[in-house]
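To start, the structure itself, in structure tokens.
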Amino acid sequence: METTLPDRDSITTHWEARAYGHELLRRNVIDAASRLLVENGPEALTVRRVARELDCSTKIIYTMFQGKDGLADALYLEGSARLSHAIGEVQKASTPQAYVYEIALAYWAFALANPGYYAVMFGGAIPKFQPSATSIGSTMAALETIAGNLQDYMAQGLLPVEDPATLTKALWAPLHGVASLYLLGHFSSLEEAKRAFERTVQAIMATLGPAAPAAAP
């Protein structure tokens with residue numbers, strides 16, 4: 001899901017209108033870059049190519065993002081915002097098993113809906129790109145939401161007490177593995193990938209206690 005723009009109906013001044021237009025253009029640039037990355041590979045991610053895609057000048061993109069690295073970092077930040085939104089939409093359940101199951105489905109849906117952003121964040125899609133500390137921190141903030149809820153379950157005696165941050169990453173690793181393999185073309189079909197993902201989630205459930213009812217992601 002794309003992060004939301006400010007409410008257009010609330011704009012009352014010239015400066016607010018300019019800010020809205022600037023933000024809309026920024027998001028259009030980021031979405032175009034993500035689309036080029038998915039459709040044509042990392043070699044297509046150049047300022048000139050993105051500008052041509054949007055029929056605008058390269059100067060606009062350089063001004064906004066200070067070049068390709070800045071654009072790549074903006075892709076990473078937008079992906080993190082979308083991941084945070086997906087995780088934040090998952091409500092705490094009565095058991096940690098049910099909660100983790102819903103988190104897994106939300107993560108799978110995020111990866112499939114945002115392949116370009118996912119590739120930048122977790123797939124090394126852009127050679128030599130190093131995300132900024134702010135970008136890395138934004139991903140960690142998304143995971144901290146999960147860790148905080150797991151800690152609550154531990155406090156209630158519903159999970160063995162351990163480091164919630166470590167447990168979160170231990171749960172994340174296999175989910176990321178299946179999603180990445182699918183996006184890189186290592187499954188013959190989406191259905192095969194779904195089956196592998198479901199098996200992975202059920203294996204995770206077995207380490208936490210009784211599994212949630214099976215449901216296709």
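The values are calculated or read from the model by the stated rules, or taken from the named source; none is laboratory data. Here the structure is a predicted model, which is why all the values come from computation and not from measurement. Heads up, the Cβs are rebuilt from the backbone with ideal geometry, glycines too, and the neighbour counts pull from every protein chain shown.
A few remarks follow.
- Pairs with Cβ under 7 Å, 6+ apart, first in the range 163-187 and over 15 Å from Met205 (Cα atoms), second surrounded by fewer than 20 Cβ atoms within 10 Å (Cβ to Cβ) and among the aromatic types (Phe, Trp, Tyr): His176/Phe122; Ser180/Phe122; Leu181/Phe187
- Only one of Glu2, Glu53, Glu16 that is modelled with pLDDT under 85 and outside any loop (DSSP other than H, G, I, E, B): Glu16
- Residue count for the range 180-197 satisfying the condition of being modelled with pLDDT under 95 and not small (Gly, Ala, Ser): 2.
- Among the residues listed as Thr134, Thr139, Thr63, Thr58, the single one being more than 23 Å from Pro174 (Cα to Cα), modelled with pLDDT under 90 and surrounded by 15 or more Cβ atoms within 10 Å (Cβ to Cβ): Thr58
- Scanning the range 139-151 turns up no residue that is at positive phi, in contact (Cβ under 8 Å) with a residue 60 or more places away in the chain and out of contact with any Phe, Trp or Tyr (no Cβ under 6 Å at 6 or more places or on another chain).
- Figure legend. Inter-residue proximity from the range 30-53: first residues in contact (Cβ under 8 Å) with a residue 24 or more places away in the chain, second residues β-branched (Val, Ile, Thr), beta-carbon distance below 6 Å, spacing 6+ or different chains. Indicated pairs: Ala33/Val50; Pro42/Ile126; Val47/Thr58; Val47/Ile61.
- In the range 114-131, residue surrounded by the most Cβ atoms within 10 Å (Cβ to Cβ) [restricted to those that are under 13 Å from the mean Cα position of the chain (by Cα) and not aromatic (Phe, Trp, Tyr)]: Val120
- Against the test of being out of contact with any Ser or Thr (no Cβ under 9 Å at 6 or more places or on another chain) and buried (at least 19 other Cβ atoms within 10 Å of the Cβ), the options Ala111, Ala86, Ala104 yield a single qualifying residue, Ala86.
- Positions within the range 123-148 being hydrophobic (A, V, I, L, M, F, W, C) and under 16 Å from Pro164 (Cβ atoms), in sequence order: Met140, Ala141, Ala142, Leu143, Ile146, Ala147
- Single residue of the range 142-161 satisfying the filter (outside any helix (DSSP H, G or I) and not small (Gly, Ala, Ser)) that is surrounded by the most Cβ atoms within 10 Å (Cβ to Cβ): Leu159
- Test result for Leu105, within 30 Å of Lys68 (Cα to Cα), at pLDDT 90 or above and assigned to a helix (DSSP H, G or I): no
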